[in-house]
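Here's the structure we're looking at; comments come further down.
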Amino acid sequence: MKYRSVAAILPGEPIEMGSTIVKQPLPTVRVERIDPFLLLHHFGPYEVTPPFDPLDVGPHPHRGFEPVTFLYQGGLRHKDSRGNEGTLKGGDVQWMTAGRGIIHSERASRDFLEQGGTLEGIQLWINLPQKDKMAQPAYQNIKAEDIPVAGSERSKVRVVAGNYQGLKGPVRTHTELLVLQISMSEGGFVQLPVPETHNAMVYIVNGTVQLNDNWSYEKEHLLQFRQDGEGIALRAETNSEILFLSGAPINEPVAQWGPYVMNTQTEIMEAMRDYQMGKMGFYTEY
Ligand code: MN
């Protein structure tokens, strides 16, 4: 396999989110987006002691893209203006299609807050093509046990979306995506083929990995790849957790303001107006 080379090494930069700090490797000053991926936030690991919730972000709207949450440790509760409600535990994935508009909140789940413990996860924003930006909102709550696992004892590859080694991820996507969660113990090795047209990257959630039998990279770094090879290889130097993301680029203009990602500035204005007018539904706390 001819390996893809590294185009950029992006460290997760600490940014303030409400009462806490998250790590943000994308976007940065250097890399605005990796089409179709817009943003990646790594929250935690936080040691949570009852009743303080480090994630208590109030209800807010989204339109035009898909906010995805990978929960690694702890418990989360989701609630939105379309009547969806769900709880996540470590290993679960929440895939929201904001489409024409949704108002939601995500916070630590009640059970988890009562007992305390470690909370850690990733929030990823994936763009939607123009034809799907105003689609009906959707909510996919994927349980850890429904995610197929490939690989070996020392390198487990969980297929969240797309196809890998004959396994198909459970998530329905709007564009072609390959999303893999890789857990490796020391010495674990995986080769990941990447479709020729895809933009690809890996985020190292934890551990240290050697890439393509060459340089090593540490946790909390995102590696963006050039489109110059058939795939990548990862070898774990310590126990490691990696998020692999690749996708067919959408190649459309992006107008982004806060929680809205559209194609034009006019559509951003419409989104703000529609939210004010209640067209994204109403969120009520109980
Ligand atoms: Mn949100």
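The values are calculated or read from the model by the stated rules, or taken from the named source; none is laboratory data. Worth saying up front: this structure is predicted, and the values here are computed from it rather than measured. Here Cβ is always computed from backbone atoms with ideal geometry, including for glycine, and neighbour counts include all displayed protein chains.
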### Task
Tell me which residues, restricted to region 241-268, are more than 18 Å from Val194 (Cα to Cα), in contact (Cβ under 8 Å) with a residue 24 or more places away in the chain, part of a loop (DSSP other than H, G, I, E, B) and more than 16 Å from the ligand (Cβ to nearest atom).
Asn251, Glu252, Val254, Asn263
### Task
Could you tell me which of the residues Val22, Val6 is surrounded by fewer than 23 Cβ atoms within 10 Å (Cβ to Cβ) and in contact with a Leu (Cβ under 6 Å, 6 or more places away or on another chain)?
Val6
#### Entry: Breaking point among (1) β-branched (Val, Ile, Thr); (2) in contact (Cβ under 8 Å) with a residue 24 or more places away in the chain; (3) crowded, with 16+ Cβ neighbours inside 10 Å, for Val159
(2)
### Message
Pull out all pairs, ordered by first then second residue, where Cβ-Cβ is under 8 Å, the residues are six or more apart or on different chains, the first lies in region 33-58 and is more than 28 Å from Leu223 (Cα to Cα) and of a type in the set (A, V, I, L, M), and the second is assigned to a loop (DSSP other than H, G, I, E, B) and within 16 Å of the ligand (Cβ to nearest atom).
### Response
Val48/Pro54; Val57/Gly18
### Verdict on Gly44 being within 16 Å of the ligand (Cβ to nearest atom), on the phi > 0 side of the Ramachandran plot and touching a strand residue (DSSP E or B) at 6+ places or on another chain (Cβ under 7 Å)
no
### Task
Hey, can you tell me all the residues within region 102-122 that are assigned to a helix (DSSP H, G or I) and either among the polar types (S, T, N, Q) or within 11 Å of the ligand (Cβ to nearest atom) (or both)?
Gln115
### Message
Looking at region 124-138, I want the residues that are on the phi < 0 side of the Ramachandran plot and have a partner that is at pLDDT below 95 with Cβ atoms under 7 Å, at least 6 apart or on another chain. Which pairs are those?
### Response
Pro137/Arg82
### Message
Considering only residues that are closer than 18 Å to Lys133 by Cα and either out of contact with any Phe, Trp or Tyr (no Cβ under 6 Å at 6 or more places or on another chain) or away from the ligand (no atom under 12 Å from the Cβ) (or both), which ones fall in region 64-79?
### Response
Gly64, Glu66
### Message
Whether any residue in region 253-268 is out of contact with any helix residue (DSSP H, G or I) (no Cβ under 8 Å at 6 or more places or on another chain), farther than 30 Å from Ser152 by Cα and of a type in the set (D, E, K, R) is what I want to check.
### Response
yes
### Message
So Gln265 passes all but one of these: (1) farther than 20 Å from Met201 by Cβ; (2) surrounded by 15 or more Cβ atoms within 10 Å (Cβ to Cβ). Which condition number does it fail?
### Response
(2)
